Amino acid sequence: MEMLIPGRGFLHGATKNITSAQLKALGTVPAIIAPAQGPNLLAIPVQADLLYHFGTIAYANLAATNEAHDLALTIGGIAVTHWMSSRLTMLQLNDRATFMYPNDATDANGLPDTGSNFLPNESIQLWNWSGSNYTNGNGTLTISILYKILNVLTGQYK
C-alpha cells in the first residue's frame, strides 16, 4: 500500500503475520516487518497496529508486569518505537488489538532521537528485548505498519 502525502512523499504500508513459532523465538530472532529499502534509503515507522489472535494455550515467560516493556520495533537493533509489554498483548485468553507509535523526540529528519546513528538499507523488525524467549503459547500476531522512506543523501522522502 502507498499513499501520497503532499510535500512529504509516500506513506508505505506492510502487514506481517507472525506465527506461534516466530513469537516464541522473538528473543533471539527478530521478525522482519518491512524489508530494507536499498542503498541510501531508510524506512521510518510512523505507526504499527498489532492484533493478537489467541489460540488454545496462553504464552508463558512474558514480561513480569504490565509495566515491564519488552517489545519494540527496531532499525538496525535500535528501538524506534515506544516499548510495550508482551503481558498486556499476549497474556490474553482472547483476541486483542493494540498499537505502537514512534518515540516522542525526533531529529531534523523525523527520526527517533536516541542519540544513535541509523544506517540506511536496514529492515524494520519486531524484537523481544527481555533476553529470553516466550514459551508454551500457540497464538499468532498480525502486525500492520505505516512507514516513510527517507533518502539519506538528498533528505527527500520517497
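The values are calculated or read from the model by the stated rules, or taken from the named source; none is laboratory data. Remember, predicted model here, so these are calculated numbers, not experimental data. So basically every Cβ, Gly included, is an ideal-geometry build from the backbone, and we count neighbours across all protein chains shown.
Computed quantities for the displayed model
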| read-out | value |
| --- | --- |
| Scope the range 1-39; condition at pLDDT 90 or above and farther than 19 Å from residue 86 by Cβ; matching residues | 12, 13, 14, 15, 34, 35, 36, 37, 38, 39 |
| Enumeration of residues in the range 26-46 that are assigned to a loop (DSSP other than H, G, I, E, B) and surrounded by fewer than 16 Cβ atoms within 10 Å (Cβ to Cβ) | 28, 29, 35, 38, 39, 40 |
| Cross-chain or 6+ apart pairs with Cβ under 7 Å, the range 15-33 first and in contact (Cβ under 8 Å) with a residue 60 or more places away in the chain, then in a helix (DSSP H, G or I) | 31/22 |
| Residue list for the range 106-134, restricted to those being part of a strand (DSSP E or B) and modelled with pLDDT of 70 or more | 124, 125, 126, 127, 128 |
| Pair list, Cβ under 9 Å, 6 or more apart: the range 87-105 residue under 11 Å from residue 51 (Cα atoms) and part of a strand (DSSP E or B), other residue modelled with pLDDT of 75 or more and charged (D, E, K, R) | 97/49; 98/49; 99/49 |
| Any hit, the range 60-71, residues being within 17 Å of residue 142 (Cβ to Cβ) and either at pLDDT 90 or above or touching a helix residue (DSSP H, G or I) at 6+ places or on another chain (Cβ under 6 Å) (or both) | yes |
